[in-house]
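See structure below.
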Amino acid sequence: MTAKAQNRVFGRRKAHHTIIVASGDTVRHMTVRPWMAALAICLVGVFSLGYLLATSYLVLRDDLIGATMARQARMQYDYEDRIAALRAQVDRVTSRQLLDQQVVESKVDKLMEQQQALTSRHGKLDALLDRAENSGLTDKSPDAAAGSDRAGKGDHAELTGDLRAIDKLLSGGKPADATPDNSTLAYVPAPETVADRADRVFSKVTLSLKHIEQDQLARVRRLTAGASDTADQIQSIMQNVGVKLPTVNAAIADRQNGPDDGDEGVGGPYVAPENVDRFEQSMADLDTALTRLELVRGAAETLPFRNPAPGRLITSPFGNRKDPFLGKLALHTGTDFHFSPGERIRATAPGKVVSAGWTGGYGNMVEIDHGDGISTRYGHMEQILVRVGDAVKSGDTVGLAGSTGRSTGTHLHYEVRENGQPIDPMYFINAGTKLAGYISGLGAISPREL
């Protein structure tokens, strides 16, 4: 059977490739199987691919390195820009805090000056308040005591605490770190500034200072009004009696207008007066009002407004009456008070004894000069206990009651004279009743005593 016939019968069979190597007499052959061919092709492909990649790397290496370096440079620039921005933010925060601290310190200095001014005012005011208290003035405001205590103590302690709080804020006002730690470059908002934290404290301190100033100013004005009203009342009562008080009026005029320099040399260029704030002007007004009140009170205390015989009956009033000895109409120049023999006769006001002895119809009589032309006489005494030139105080004993001179029985003949002219003593005694509410020690006169 031929090969062609066999292929038709059994199918065609593919023959393997054979490699024959002949060297001289030696002949070698190697059959190349399909898997060996595939392996060889794969090896060649891998080698070719590796060669291609190596060649591409060598060709593109510089470009890759340049791109990497450019990317790193961009990242570095970005971080540097961010760091610069954060540093600028830190500088702004630090500068702002330093400026805020300077502002706070200037405010503290200003507040300290205001507090020192108020303390100085309070010291000046204390002297005026003492004078007002000695003059019998009281602050009639319902909350005067509470306000005074607050102005004198409470607000002062509160201010001290507030200023210490400000000092604490200043000592703690250091610039805050811009970042929470060194490992983070994240942006952190600026913290609350020193000025912001101190605003509420400054507001409180300023309000306290304002309250103190208002309380002091209101109190000064109330006392000024009280002193002026009291002086007006006292002066009005004395003027109704007819007392002109030239010495007091001259002293008040000197106080308000300045003393007369007379022939003393004075002069100089005119310079506008310094600005005086409301409080200083109010204190000056209070000082003037207190001076006027003290002068008027002092004058009233030197005049015979006291009753020489409290609780005694009047046996003969001032004015025209039937003379007990002649039986005809005559002027009675004083007021007679019933006394028992030997009872003490007391001065109704301070003054100087200008007469002490036997004086005609007065019998044993003492005359006391009280100034401004006002004098008092005490007649018909049994015994005189003072001498001419003696200075007596109100209530001092000048003699003992008796019935000397033109007298029908033991009594006190009491006279008040102005510039030598007799005045009804009851004018002064009744005025003393009204003045008792303004001047301590005068005492009130009851109807029974009259």
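Here is how the numbers come out for the structure above:
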{"item": "Test: residue in the stretch 342-353 that is of a type in the set (Asp, Glu), farther than 23 Å from Ser236 by Cα and in a strand (DSSP E or B)", "result": "no"}
{"item": "Residue check, Gln101 modelled with pLDDT under 75 and either assigned to a helix (DSSP H, G or I) or touching a strand residue (DSSP E or B) at 6+ places or on another chain (Cβ under 8 Å) (or both)", "result": "yes"}
{"item": "Those strands (runs of 3 or more DSSP E) lying entirely in the stretch 359-408 with at least 2 residues over 60 Å from the mean Cα position of the chain (by Cα) and in contact (Cβ under 8 Å) with a residue 12 or more places away in the chain", "result": "364-371, 374-384"}
{"item": "Where Pro273 falls short, out of the listed (1) within 30 Å of Val398 (Cα to Cα); (2) of a type outside the set (Val, Ile, Thr); (3) at pLDDT below 85", "result": "(1)"}
{"item": "Boolean, Tyr79 is within 60 Å of the chain's Cα centre (by Cα) and either surrounded by 10 or more Cβ atoms within 10 Å (Cβ to Cβ) or free of Cβ contacts under 8 Å to residues at least 12 places away in the same chain (or both)", "result": "yes"}
{"item": "All positions within the stretch 424-433 that are within 18 Å of Gln235 (Cβ to Cβ) and crowded, with 20+ Cβ neighbours inside 10 Å", "result": "Phe428, Ala431, Gly432"}
{"item": "Selection status of Thr94, within 60 Å of the chain's Cα centre (by Cα) and at pLDDT below 85", "result": "yes"}
{"item": "Residue selected from the stretch 334-358 under the condition more than 14 Å from Pro308 (Cβ to Cβ) and more than 58 Å from the chain's Cα centre (by Cα), by the criterion surrounded by the most Cβ atoms within 10 Å (Cβ to Cβ)", "result": "Ala356"}
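The values are calculated or read from the model by the stated rules, or taken from the named source; none is laboratory data. Since the model is a prediction, treat every value here as computed from it, not as a measurement. Glycine also receives a Cβ, built like all others from the backbone with ideal geometry; neighbour counts cover every protein chain displayed.
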